[in-house]
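Have a look at the structure below, then the notes.
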Amino acid sequence: MNIDELLSKIQGKFGQDILNLYKKNDKRAYIDIYPKDIVAMTRYLFKDLGLRFNIASAVDDFDGLEVLYHFSLDRAGVVVSVRVILKDKLNPSIDTITKVTRSAWWIEREMHELFGINFNDNEDLRPLLLSDDWPKGVYPMRKDFIAQKRDSRKA
């Protein structure tokens with residue numbers, strides 16, 4: 001299956017629920033969807049079309065938190081990134097995709113810890129990277145985070 005066939009199947013299944021679809025080239029595409037549709041989209045890509053979940057990433061873009069879920073169809077060398085925007089930066093949340101693919105567990109923990117995104121129904125969002133004494137509610141990958149200056153004389 002090439003990228004055009006893949007995108008045609010996705011459009012056929014999700015139609016109006018796709019906010020934007022951008023084919024960058026014959027190996028890469030981006031699909032914007034509503035956060036409420038992430039589990040259904042993941043299930044379709046992973047279970048029905050056989051794409052592999054690679055990783056997810058988050059970005060603070062001032063208008064909200066952008067989460068990108070990256071999937072690949074390895075036999076065709078195609079990568080599809082599904083993007084959602086979480087507009088409520090005070091309480092950003094989205095359903096977990098770990099019920100579809102357990103491989104998302106670590107990255108959801110990381111995004112929860114670094115961006116403050118709550119992944120609904122993820123049963124283990126305990127800290128992964130930051131020190132045990134890191135203050136609650138302080139997210140170092142957010143644009144509003146202000147790093148404390150270190151005293152180089154104490155190093």
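The values are calculated or read from the model by the stated rules, or taken from the named source; none is laboratory data. Remember, it's a predicted structure, so these values are computed and weren't measured experimentally. Heads up, the Cβs are rebuilt from the backbone with ideal geometry, glycines too, and the neighbour counts pull from every protein chain shown. Protein only, heavy atoms only, side chains kept; ligands, DNA and RNA dropped before computing areas. Shrake-Rupley method; radii C 1.70, N 1.55, O 1.52, S 1.80 Å.
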- [ ] Read through the list (1) aliphatic (A, V, I, L, M); (2) open to solvent by 20 Å² or more (accessible area, probe 1.4 Å); (3) over 12 Å from the mean Cα position of the chain (by Cα), then give the number of the only condition that residue 51 fails.
- [x] (2)
Task: Matching residues in region 1-32 - criterion: being of a type outside the set (Asp, Glu) and in contact with an Asp or Glu (Cβ under 6 Å, 6 or more places away or on another chain) - done: 3, 19, 20
TODO: For region 52-69, enumerate the residues that are farther than 18 Å from residue 18 by Cα and hydrophobic (A, V, I, L, M, F, W, C).
DONE: 53, 55, 56, 58, 59, 62, 65
Open item on the list: Which condition from (1) touching a residue at least 60 places away in the same chain (Cβ under 8 Å); (2) crowded, with 16+ Cβ neighbours inside 10 Å is the one that residue 76 breaks?
Closed with: (2)
Open item on the list: Taking the conditions exactly as written (over 23 Å from residue 106 (Cα atoms) and surrounded by 15 or more Cβ atoms within 10 Å (Cβ to Cβ)), does residue 21 satisfy them or not?
Closed with: yes
- [ ] Restrict the check to region 92-100 and report whether at least one residue is in contact with a Pro (Cβ under 6 Å, 6 or more places away or on another chain) and either polar (S, T, N, Q) or surrounded by 13 or more Cβ atoms within 10 Å (Cβ to Cβ) (or both).
- [x] yes
- [ ] Those residues that are aliphatic (A, V, I, L, M) and open to solvent by 100 Å² or more (accessible area, probe 1.4 Å), I need them from region 130-149; list them, please.
- [x] 141, 146
- [ ] Give me the pairs, please: first residue somewhere in region 121-134 and at positive phi, second residue anywhere and at pLDDT 90 or above and open to solvent by 80 Å² or more (accessible area, probe 1.4 Å), beta-carbon distance under 9 Å, and either six or more positions apart or on two chains.
- [x] 121/99
Task: Residue count for region 80-91, restricted to those that are in contact with a Phe, Trp or Tyr (Cβ under 8 Å, 6 or more places away or on another chain) and open to solvent by 40 Å² or more (accessible area, probe 1.4 Å) - done: 1
Task: Test: residue 37 is farther than 16 Å from residue 74 by Cα, in contact with an Asp or Glu (Cβ under 6 Å, 6 or more places away or on another chain) and open to solvent by 30 Å² or more (accessible area, probe 1.4 Å) - done: no
Open item on the list: Which numbered condition in (1) farther than 30 Å from residue 145 by Cβ; (2) touching a residue at least 24 places away in the same chain (Cβ under 8 Å); (3) small (Gly, Ala, Ser) is the only one that residue 15 fails?
Closed with: (2)
